[in-house]
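Peer 1: My structure is below; once you've seen it, I'll send some questions.
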Amino acid sequence: EEATQEDLEYKLKGFIDLTLDKSAKTRQAALESLKSAFSSKILYEFVMERRMTLTDSIERCIKKGKSDEQCAAAGLACLLCVQIGSGIESEEIFKTLGPLLKKIVCDGTASIQARQA
């Protein structure tokens, strides 16, 4: 089981790195893979160690991305907070990402999917 956990963490580290890729499709695929992992398994320690990196990646994807990438990033932001649970760390994430998410919600030119996410 320990080897499986290490393999999973290695893959997740790779996905986190791919969220910084130049290609929007690659970033979106990485976000979706992280969402899938965060939806299926509790990864508290892994997430806590990388919460700032994940927050920065989500922030960049929301700012740079188009509709689909913004949707994936918004979904990952929610799952990140769920993984961490209530507390100061989740509050920090919300304070960082909240204004960006509010901006998209209020932006009439943003896609409906991005606004919903």
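The values are calculated or read from the model by the stated rules, or taken from the named source; none is laboratory data. This one's a predicted model, so the numbers in the text were calculated from it and none came from an experiment. For neighbour counting, all protein chains shown are included, and Cβ atoms are generated from backbone atoms with ideal geometry for every residue, glycine included. For the accessible areas, the whole protein counts, side chains as well, though only heavy atoms, and no ligand, DNA or RNA atoms are used. Shrake-Rupley method; radii C 1.70, N 1.55, O 1.52, S 1.80 Å.
Peer 1: Please specify each residue of the stretch 34-53 satisfying the condition of being more than 25 Å from Pro99 (Cα to Cα) and surrounded by 14 or more Cβ atoms within 10 Å (Cβ to Cβ).
Peer 2: Within the stretch 34-53, Ala37, Leu43, Phe46 qualify.
Peer 1: Right, something else. Pairs, please: C-beta under 6 Å, at least 6 apart or cross-chain, first residue without any contact (Cβ under 8 Å) to a residue 24 or more places away in the chain and in the stretch 83-107, second open to solvent by less than 80 Å² (accessible area, probe 1.4 Å) and in a helix (DSSP H, G or I)?
Peer 2: Close Cβ pairs (under 6 Å, with a partner that is open to solvent by less than 80 Å² (accessible area, probe 1.4 Å) and in a helix (DSSP H, G or I)) amount to Ser90/Cys81; Ser90/Ile84.
Peer 1: Residues to consider are Val105, Val82; find the one that is at pLDDT 90 or above and within 21 Å of Leu43 (Cα to Cα).
Peer 2: Val82
Peer 1: Pick from Val105, Val82: which is assigned to a helix (DSSP H, G or I) and within 12 Å of the chain's Cα centre (by Cα)?
Peer 2: Val82
Peer 1: Whether any residue in the stretch 54-68 is acidic (Asp, Glu), open to solvent by less than 20 Å² (accessible area, probe 1.4 Å) and assigned to a helix (DSSP H, G or I) is what I want to check.
Peer 2: Checking the stretch 54-68: not a single residue is acidic (Asp, Glu), open to solvent by less than 20 Å² (accessible area, probe 1.4 Å) and assigned to a helix (DSSP H, G or I).
Peer 1: Tell me, which residue of the stretch 96-107 that is of a type outside the set (A, V, I, L, M, F, W, C) and under 14 Å from Ala77 (Cα atoms) is least open to solvent (accessible area, probe 1.4 Å)?
Peer 2: Gly98
Peer 1: Every residue in the stretch 108-117 that is of a type in the set (S, T, N, Q), exposed (fewer than 12 other Cβ atoms within 10 Å of the Cβ) and part of a helix (DSSP H, G or I), please.
Peer 2: Gln116
Peer 1: Just need a number here: residues in the stretch 1-46 that are outside any loop (DSSP other than H, G, I, E, B), touching a helix residue (DSSP H, G or I) at 6+ places or on another chain (Cβ under 7 Å) and free of Cβ contacts under 8 Å to residues at least 24 places away in the same chain.
Peer 2: Number of matching residues: 5.
Peer 1: Determine whether Ile93 is open to solvent by less than 40 Å² (accessible area, probe 1.4 Å) and over 9 Å from the mean Cα position of the chain (by Cα).
Peer 2: Judged against the criteria, Ile93 is a match.
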